[in-house]
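Reviewing the structure listed below.
The values are calculated or read from the model by the stated rules, or taken from the named source; none is laboratory data. Bear in mind that the values here come from a model prediction, so they are computed numbers and not experimental data. Quick reminder, even Gly has a Cβ in these numbers, built from the backbone with ideal geometry, and neighbours come from all protein chains shown. Ligands, DNA and RNA are stripped out before the accessible areas are found, and what is left, the full protein with its side chains, is counted by its heavy atoms. Shrake-Rupley method; radii C 1.70, N 1.55, O 1.52, S 1.80 Å.
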Amino acid sequence: MPATRTRFTDRADAGHRLAARLSHLRGPGTVVVALPRGGVPVAAEVAAALSAPLDICVIRKLGLPHQPELGMGAIGEDGVRVLNDQVLRPARVTPGQLAAVEARERAELERRARRYRGDRPPVDLRGRTVVVVDDGVATGSTARAACLIVRARGARRVVLAVPVAPEDWTERLRDVADELVCVATPSPFFAIGEFYADFSQTGDAEVLRHLAEAAGRPVPGAGPPAADRELTVRAAGVRLTGRLTVPDGVRGTVVFAHGSGSGRHSPRNRRVAEELNRAGLATFLFDLLTEDEEPDRRKVFDVALLGARLTDVARALPSDPSVGPPAGPALPLGLFGASTGAAAALWTAARLGDGVAAVVSRGGRPDLAGARVLAAVTAPTLLVVGGRDHEVIDLNRRAREHLRCESELAVVPHAGHLFEEPGTLDRVAELARDWFREHFGADPGGAAS
């Protein structure tokens, strides 16, 4: 990328720079409306600078059936639908295909609206200036849908504001907004993310935090954990270090078993752990192998070795005073395994029997545990696999045939093996949270519901 092209450090930086161009809108009649999820951190900076209320407008892109990253349109709240004929025509999408994509995305849209707003109604936009904010414009379908929604909700003036957009963005969107504001319109333009140094996925937790902070409400999960520290455990003759996080009012403990090339610092497992912490579950993320052992591929796939170490950790962890009072009842124990760690988790579940309340596998290789081990597992087991990870889907299906316990196979649409696609890792976290809470006996109406 040429040095002269604008590049933002992250979405907060983009929001700060965008807010500088919107100072003329500061006043009691202005509302900032963000497009979740990526637009929320940008809009939070804008809303703070303008001293304006912050709300959301939930939009879902309609991706092509065989190329979901390319939008053929978008849907929004209040039944709004916008189609992009320039994408639809050459792709030859049938009405049935379009209806199937829309039905799936409509269900996700409604879920997110409930998740972000709860029982709170949208901010009243009638007669007000509404600044619609996203982290950038590509095709413009989602921005168009958002502008139509806020206009239908009574906005007197609609301002569409983004950090970055293609040169021709005003030609595409001038008919739906009274004012268009952008920090940079570079050319060539291929994707929004190329103009951010950090364009990592925005999670539901971050969205909820920004909305709560803007409204002056308590931030979900913001209270300090009862314990959050490094912990060293002796297991199968070696000392293994991990991160133990125990939320206040802990309801159970989940031990993470990482797979090949991963560890306790894995951003994917940390994201899942954070969601479990908000649900009142303690998490212990640790490395099954020492630093000296990690390069040895034989040990990476030695399920008996990994399982033996995980078993020792699972047995030792309940004695830590921060997980639960020694005199009190034992907390439920769950295991979360990724890749080869999933086989180790099932090996441990088979060994500990009723000592394990539930198991979740993310993109795992449960087949590596072997048919006899799988048949001995009694803990309810959830196998989560990406919809594009076809080989691993097949391996999980075969492994599940050997399980005699309660089990489910959850396929996350459009996700690859590492769940790097937008929204897919959050879906994994939600599935894991709900599975553990259900089988730990936690109140489904409790924290982070």
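Restricting attention to region 261-274 and to residues that are at negative phi and out of contact with any strand residue (DSSP E or B) (no Cβ under 9 Å at 6 or more places or on another chain), the residue that is modelled with the highest pLDDT turns out to be 271. Entry remark, region 10-24: residues being outside any helix (DSSP H, G or I) and crowded, with 17+ Cβ neighbours inside 10 Å number 1 in total.
I'd like the residue in region 248-260 that is over 20 Å from the mean Cα position of the chain (by Cα) and not in a strand (DSSP E or B) and, out of all such residues, is modelled with the lowest pLDDT. Among them, the one singled out is 260. Of the residues 113, 146, 161, the single one that is open to solvent by 10 Å² or more (accessible area, probe 1.4 Å), closer than 28 Å to residue 196 by Cα and of a type in the set (Gly, Ala, Ser) is 113.
Entry remark, region 294-327: residues being at pLDDT below 75 and in a loop (DSSP other than H, G, I, E, B) number 10 in total. Can you pull out the residues in region 28-59 that are free of Cβ contacts under 8 Å to residues at least 60 places away in the same chain, open to solvent by 10 Å² or more (accessible area, probe 1.4 Å) and not hydroxyl-bearing (Ser, Thr, Tyr)? 28, 45, 49, listed by residue number.
In region 88-191, counting only strands (runs of 3 or more DSSP E) that sit wholly within it, the ones holding 1 or more residues that are at negative phi, touching a Gly at 6+ places or on another chain (Cβ under 6 Å) and at pLDDT 85 or above span 129-133, 157-164.
Residues in region 61-69: is at least one of a type in the set (D, E, K, R) and part of a helix (DSSP H, G or I)? No, the conditions are met nowhere in region 61-69.
The strands (runs of 3 or more DSSP E) found entirely in region 338-449 include none that carry 3 or more residues being in contact (Cβ under 8 Å) with a residue 24 or more places away in the chain and among the basic types (Lys, Arg).
The rows are residues; the columns are (1) surrounded by 15 or more Cβ atoms within 10 Å (Cβ to Cβ); (2) under 21 Å from the mean Cα position of the chain (by Cα); (3) modelled with pLDDT under 95; (4) aromatic (Phe, Trp, Tyr).
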position: 382; (1), (2), (3), (4): yes, yes, no, no
position: 390; (1), (2), (3), (4): no, no, yes, no
position: 395; (1), (2), (3), (4): yes, no, no, no
position: 402; (1), (2), (3), (4): yes, no, no, no
position: 412; (1), (2), (3), (4): yes, yes, yes, no
position: 421; (1), (2), (3), (4): yes, yes, yes, no
position: 424; (1), (2), (3), (4): yes, yes, yes, no
